[in-house]
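Have a look at the structure below, then the notes.
The values are calculated or read from the model by the stated rules, or taken from the named source; none is laboratory data. Source: prediction; values computed, not measured. Cβ sites come from the backbone with ideal geometry, for glycine too, and all protein chains shown count toward neighbours.
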Amino acid sequence: MVVKKAFLLIVFVGMTSVLQGGQAQSRQEYPLNFVSAHHEAAHSVVAVLLADRNKRFALYDTVVFLNASSDQSSGETRFYPKRKQELLPRENIESLLCMIITLMAGRAAEEILFNESDCCSADYALACKYARDLECYANDYNFVFCFEDLIKDLIGEESNISIYQGIQSDEIVNRCLDVSRQFLTHHTKLLERLATVLLNGKRLRAQEVKNILAL
């Protein structure tokens, strides 16, 4: 993840780099752009579906670069901070959780498709940063209640994802990855729909993503 200024907005950019010849043989059966498209589509689908609950960040745009070399493919999904406002602790907790879930969605999509992932280290690093920001809330009952409420709303009562007071940042990221994986399992049609359009190589703004997803 890097930070750029674009159109007077500070934009967080999630770069995906997919190298050919991952550990799972099944990855070699697909064009590299196919993997990148599903990775970026996952970030965007989750960001759009969590937009009302994420008070801090919003989707800006997403793209897959089709002019990559034969042994590498890449893409990016960019986010921008919403208008600065004073957030209640619960809103801040929920927004950070939503962003971690969104960041881990690319890896979750690859695991759903290939049973493994070459997770973008930048995605993981930024997710860990936000998780460390959440550690100050980890001993608060409201954190547990907020996370459980978010899980129930996104996945339903059948979720087996557990959370506890005093949880460490790395476990927060792991739990959010589990949420992303289960959440996307319920929305594979949206994932496929957006990935198919991204394979055209066109940069899609947030509203275009919403239109494609018919949301």
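Key figures for this structure:
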read-out: Among (1) within 16 Å of GLU111 (Cβ to Cβ); (2) at pLDDT below 90; (3) of a type in the set (Gly, Ala, Ser) - the single one GLY156 does not satisfy; value: (1)
read-out: Any chance LYS189 is free of Cβ contacts under 8 Å to residues at least 12 places away in the same chain, charged (D, E, K, R) and within 21 Å of ASN115 (Cβ to Cβ); value: yes
read-out: Selected residue (criterion: nearest to ASN139 (Cα to Cα)) from residues of the stretch 81-107 that are outside any helix (DSSP H, G or I) and either at pLDDT 95 or above or among the basic types (Lys, Arg) (or both); value: MET104
read-out: Candidates SER117, SER180, SER169 - the one that is closer than 15 Å to GLU40 by Cβ, touching a Leu at 6+ places or on another chain (Cβ under 9 Å) and either in contact (Cβ under 8 Å) with a residue 40 or more places away in the chain or surrounded by 21 or more Cβ atoms within 10 Å (Cβ to Cβ) (or both); value: SER180
read-out: Residues located in the stretch 111-166, provided they are over 18 Å from the mean Cα position of the chain (by Cα) and farther than 20 Å from PHE183 by Cβ; value: GLU135, CYS136, TYR137, ALA138, ASN139, ASP140, TYR141, ASN142, TYR164, GLN165, GLY166
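One line per residue, one yes/no per condition, for (1) under 24 Å from THR77 (Cβ atoms); (2) in contact with a helix residue (DSSP H, G or I) (Cβ under 6 Å, 6 or more places away or on another chain):
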{"position": "LYS129", "(1), (2)": "yes, no"}
{"position": "ARG132", "(1), (2)": "yes, yes"}
{"position": "GLU148", "(1), (2)": "no, no"}
{"position": "ASP178", "(1), (2)": "yes, no"}
{"position": "THR185", "(1), (2)": "yes, no"}
{"position": "LEU190", "(1), (2)": "yes, yes"}
{"position": "ALA206", "(1), (2)": "yes, no"}
